[in-house]
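The values are calculated or read from the model by the stated rules, or taken from the named source; none is laboratory data. In this text the structure is predicted, and so the values were computed from the model without any measurement. Cβ: placed from backbone, ideal geometry, glycine included. Neighbour counts: every protein chain shown.
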Amino acid sequence: MIVFAPAWIDPVGRQHLGDLIPLDAAGRLDAARFPTIWHVAIRNATNPDVAGATARESQDFDGVTVTRFEQPKITVTADAAALLPTAKAAGAIARGPSLELAEVGFAPHRCVQVVPQPNKSVRITYPGMALGTTLVAGVGLADIFTRRDVRAPGKLEIEIGGTIVATAQFGVDDGWVKLQAATQPGAADVTFIATAVGANARDRLICFAAEARQ
Amino acid sequence: MSAAPQQRHLQRWLPRIIAAGLFILAFALVGEGQTHVGIARDETVYMTYGSRYAEWWTGVFRGKIPVSEKSITSFFGGAGATDNNREHPPLLKTLSGLSERWLRGPLGVSRLTAFRLPAIALNALLIVIIFAWTRRLWGLGTGVIAALLTLLLPRAFFHAGLACFDGPIVTLWVGTLYAYWRGLASTRWRMVSGIVFGLALATKHNAILLPFVVGPHYVGTHVLHWWRRRGMKTPTGTVTVTVTDTGTDTATATNTGTDTGTGTGTVTGTGTVTGTGTETATNTNTGTNTVTDTNTNMGTDTNNASVAKRCVSALRQHSSLLWPMVLGPLTLIALWPWLWFHPIAHIKEWLSFHFTHVHYNFEYLGHNWNAPRFPWHVALVTTLFTVPAATLTAAACGAAVGVHGWYRALRAGREQTKHESATAFAHRHAGLLLALSAAASMGPFFLGSTPIFGAEKHWAPAIPSFCIAAAVGIAWAARRLAALRPSASHGPAVVLAAVGTCVVASAAIETRQAQPYALSYYNALAGGAPGGADLGMNRQFWGIAVRGALPFIASQPNVHAIYSHDASPAWGWYQSMGLAPKALPDAGPEAMGIDRSDIALVVHEKHFLRHDYMIWKSYGTVQPVFVLRSDGVPLVSVYRRPPRVMPPTPVAPTPPR
């Protein structure tokens with residue numbers, strides 16, 4: 001994975017190295033599943049995606065500092081976005097669910113997007129999802145213009161085997177909110193419950209990604 | 001001609017020659033600069049309706065269009081809030097339309113430049129007004145410096161060349177205040193201030209803030225004048241009493257004490273009072289004489305003129321406020337045919353559009369703002385980062401000098417107050433007027449509920465006050481420097497020229513470098529354009545930078561439709577100007593347009609990141625093929641759709657005819 005810093009230099013970085021950045025990597029849930037991160041920076045800036053990673057080597061090219069970061073390798077046993085065709089959606093659906101590359105918190109996220117009816121919920125169930133030791137999710141409200149026009153929040157609950165294991169409520173300015181739950185390795189039904197909170201909560205483009213990790 | 005008349009001749013004509021030179025300089029620089037600037041999204045709207053308004057006026061004068069509610073509504077009004085662009089007053093648009101109609105072609109004036117000429121001329125007029133005002137207050141050299149600093153503001157210079165309202169409203173705002181200030185000493189200027197206020201109202205809605213400058217200044221200085229004069233029955237100096245009445249004077253003046261002074265008093269008419277020294281008088285005045293009594297008066301004056309005459313006198317005394325209040329709205333209505341019918345309802349609709357305006361997305365200090373409460377400091381911080389640092393420093397110096405001088409004058413100038421009228425007192429407090437101008441212009445942005453879209457252009461009328469303060473600061477610094485070596489052969493004027501040149505040159509360099517992407521300009525305090533990007537300040541708006549990407553787009557072979565993003569309203573303009581290929585149509589808006597396109601651009605603003613991602617999804621790549629930058633900061637990205645892997649087209653049977 002390649003990241004750039006400061007964030008505003010991103011277009012220039014992609015112009016030169018964009019052919020090495022797949023869409024899935026650009027729209028990542030987070031950087032944890034990438035054991036190697038190439039960090040390209042100017043002006044002594046640091047991309048937050050390398051927080052916690054270890055710098056192995058660094059070289060300066062006329063003011064552009066390229067650093068190779070490494071972090072422990074993890075295995076993704078299931079990806080909610082990739083498994084969307086196997087999921088079952090039920091409840092008060094206004095739109096979706098669909099697989100999108102959406103803007104959430106001014107960053108790209110490959111995610112499952114669903115729009116519940118106001119003050120209602122949609123349940124998206126993944127039968128027999130292959131869980132690892134951790135289920136990590138990210139969620140937020142997509143699209144800056146609907147966030148501006150409708151200020152109501154959304155909510156996401158993760159239910160495994162009938163038990164809510166993680167919950168997050170997120171407003172229009174909260175960006176990409178992370179959730180995490182410890183899981184027992186093995187297959188289980190995992191349900192994501194997306195709720196548009198409030199009677200005026202129309203057009204809540206709830207966008208979530210989730211990975212079961214080992 | 002002897003030396004003295006020559007000197008007087010020079011003193012009379014030199015300011016006029018300099019003013020003319022400044023006008024030509026400003027007109028030429030901005031006129032040339034705008035030829036490199038792209039077309040603003042909103043500008044296309046104003047030009048379109050400017051042509052419509054000009055068509056109506058010329059049609060009316062030629063007798064081809066009737067002056068009727070129907071024709072006016074079809075050109076200027078409509079049921080919708082934005083029909084015929086009725087949410088904005090028409091003056092600048094009308095002038096642009098007339099300019100395009102009359103000036104396009106001759107002397108090689110392009111259509112776009114013709115639309116922009118009225119704004120360019122008004123900006124040149126602003127520079128002259130700043131010169132004239134500052135010269136009258138602080139001298140010729142200070143006036144020239146103030147004018148040049150006002151011209152050499154990177155952001156204002158940019159706006160001055162657009163067929164939009166943001167430059168012109170600064171001219172008419174400052175023009176109103178200048179005329180009001182002159183009107184404190186001249187009846188003729190009071191009428192001018194009313195008309196100019198009307199022109200300002202007919203240009204942009206923030207002119208409605210002008211009463212919040214003039215009102216507080218007039219009332220405040222009058223109250224201060226009264227405050228300083230109260231208790232002056234026991235004088236410590238000479239009192240000047242001016243009584244204007246009509247009739248015959250029967251005055252009784254009893255002069256007691258010792259005459260030791262040198263005051264003089266004159267009654268013009270029937271009777272003469274001539275007194276010197278300390279006077280105790282009881283004057284009953286019922287006549288038509290003008291009595292100017294410069295004696296120290298220990299008694300009382302009683303004026304028995306009629307109430308009506310006193311009312312007229314009061315109106316005349318306060319006509320500095322009355323003329324703008326009357327002539328301003330009348331001028332607005334005269335220039336805006338839409339207000340000729342149902343004026344109250346239409347003014348209400350016009351203003352309510354702005355009071356309930358949608359909140360745009362706007363990046364400020366790293367956050368995308370689109371809902372109240374907005375930060376109270378946006379006007380201060382943005383100004384701090386968008387006015388050249390040398391100008392700001394000089395302005396801070398000038399403001400400190402001004403406040404200190406004002407305080408000292410208030411403490412020591414009690415005697416002067418005793419000798420001057422309230423209006424003359426107000427006229428003397430021009431610095432307060434300039435400060436109020438800045439405060440009223442920026443004031444709404446401290447409320448937290450006023451949208452911050454458009455950044456500094458919305459409080460642009462405040463900035464000339466900073467430039468005048470900067471010139472005052474430079475003059476002060478020059479005096480201090482000159483005082484260090486009083487025996488030096490060069491005089492203070494040379495030092496002023498030297499210091500002024502340094503600051504003006506600094507502003508000139510920054511202004512030059514900022515063009516044509518001055519919306520992305522940030523000063524040295526912010527760290528330039530990259531520093532502004534680091535701070536998370538707005539990068540640009542209106543899609544205006546796209547012009548810089550047009551040569552690359554025009555060089556691309558085998559492209560058939562473009563997603564032109566925020567430049568969509570200007571795309572046809574670029575095609576007609578030969579800057580964009582005529583065979584490359586705009587593919588339409590949003591995802592549908594992106595999917596139809598094979599080349600796409602994104603104008604970089606924080607909230608436009610969504611358009612990058614829409615293109616990534618549609619094109620299957622995150623890699624732009626071109627990135628337009630200003631000082632290294634990305635302004636526009638251009639993407640090309642990779643060759644599609646098309647499924648083989650099935651051979652369909654020919655449908656029956």
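All conditions but one from (1) without any contact (Cβ under 8 Å) to a residue 40 or more places away in the chain; (2) over 18 Å from A:ARG110 (Cβ atoms); (3) not polar (S, T, N, Q) apply to A:PRO97; the one that does not is (2).
Can you list residue pairs whose Cβ atoms sit under 7 Å apart, with the first residue in the stretch A:7-24 being more than 7 Å from chain B (Cβ to nearest Cβ) and the second being of a type in the set (Lys, Arg)? Count only pairs 6 or more apart in sequence or on different chains. As it stands, the answer is A:ASP24/A:ARG110, since those pairs meet every condition given. Scanning the stretch B:487-506 turns up no residue that is buried (at least 21 other Cβ atoms within 10 Å of the Cβ) and either assigned to a loop (DSSP other than H, G, I, E, B) or of a type in the set (S, T, N, Q) (or both).
Among the candidates A:ILE74, A:ILE158, A:ILE144, A:ILE93, the residue that is crowded, with 20+ Cβ neighbours inside 10 Å, in contact with a strand residue (DSSP E or B) (Cβ under 8 Å, 6 or more places away or on another chain), hydrophobic (A, V, I, L, M, F, W, C) and away from chain B (no Cβ under 14 Å) is uniquely A:ILE158. Say whether the condition of being over 29 Å from B:TRP369 (Cα atoms), part of a helix (DSSP H, G or I), out of contact with any Phe, Trp or Tyr (no Cβ under 8 Å at 6 or more places or on another chain) and more than 14 Å from chain B (Cβ to nearest Cβ) is met by at least one residue in the stretch A:46-68. Scanning the stretch A:46-68 turns up no residue that is over 29 Å from B:TRP369 (Cα atoms), part of a helix (DSSP H, G or I), out of contact with any Phe, Trp or Tyr (no Cβ under 8 Å at 6 or more places or on another chain) and more than 14 Å from chain B (Cβ to nearest Cβ).
Taking A:THR195 as the residue in question, decide whether it is crowded, with 18+ Cβ neighbours inside 10 Å, more than 17 Å from the chain's Cα centre (by Cα) and in a strand (DSSP E or B). When the stated conditions are applied, A:THR195 passes them.
One line per residue, one yes/no per condition, for (1) more than 29 Å from B:ALA146 (Cβ to Cβ); (2) without any contact (Cβ under 8 Å) to a residue 60 or more places away in the chain; (3) among the small types (Gly, Ala, Ser):
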position	(1), (2), (3)
B:LEU365	yes, no, no
B:ALA371	yes, yes, yes
B:PRO375	yes, no, no
B:PHE385	no, no, no
B:ALA390	no, no, yes
B:CYS397	no, no, no
B:ARG408	no, yes, no
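Residue under question is A:ALA78, and the condition is that it be closer than 30 Å to A:LYS120 by Cβ, assigned to a strand (DSSP E or B) and among the aliphatic types (A, V, I, L, M); does it hold? Answer is yes for this residue.
Residue selection: B:SER637 fails the criterion of being within 20 Å of B:SER555 (Cα to Cα), away from chain A (no Cβ under 11 Å) and among the polar types (S, T, N, Q). What is the residue count in the stretch B:376-385 for residues that are more than 13 Å from B:HIS458 (Cα to Cα), touching a helix residue (DSSP H, G or I) at 6+ places or on another chain (Cβ under 8 Å) and either in a helix (DSSP H, G or I) or within 14 Å of another protein chain (Cβ to nearest Cβ) (or both)? Residues that pass the stated criteria total 2. Any residue at all in the stretch A:163-177 that is touching an Asp or Glu at 6+ places or on another chain (Cβ under 8 Å), within 14 Å of chain B (Cβ to nearest Cβ) and β-branched (Val, Ile, Thr)? Looking for residues that are touching an Asp or Glu at 6+ places or on another chain (Cβ under 8 Å), within 14 Å of chain B (Cβ to nearest Cβ) and β-branched (Val, Ile, Thr), one finds none in the stretch A:163-177, hence no. Residues in the stretch B:531-548 that are within 14 Å of chain A (Cβ to nearest Cβ) and buried (at least 21 other Cβ atoms within 10 Å of the Cβ): B:GLY532, B:ALA533, B:MET537, B:ASN538, B:ARG539, B:GLN540, B:ALA545. In this structure, B:SER449 does not satisfy being in contact (Cβ under 8 Å) with a residue 12 or more places away in the chain, surrounded by 18 or more Cβ atoms within 10 Å (Cβ to Cβ), at negative phi and among the small types (Gly, Ala, Ser).
Listed by first and then second residue, the pairs with beta-carbon distance under 9 Å, at least 6 apart or on different chains, first residue in the stretch A:163-190 and closer than 21 Å to A:THR86 by Cβ and aliphatic (A, V, I, L, M), second at pLDDT 95 or above and part of a loop (DSSP other than H, G, I, E, B), are A:VAL165/A:THR183; A:VAL190/A:ALA80; A:VAL190/A:THR183. Evaluated against (1) closer than 30 Å to B:THR423 by Cα; (2) modelled with pLDDT of 95 or more, B:LEU335 falls short on exactly one condition, (1). The number of residues in the stretch B:573-621 being surrounded by 16 or more Cβ atoms within 10 Å (Cβ to Cβ), more than 14 Å from chain A (Cβ to nearest Cβ) and either assigned to a helix (DSSP H, G or I) or in contact (Cβ under 8 Å) with a residue 40 or more places away in the chain (or both) comes to 8. Within the stretch A:31-45, restricting attention to residues that are under 27 Å from B:PRO530 (Cα atoms) and more than 12 Å from chain B (Cβ to nearest Cβ), the residue that is surrounded by the fewest Cβ atoms within 10 Å (Cβ to Cβ) is A:TRP38.
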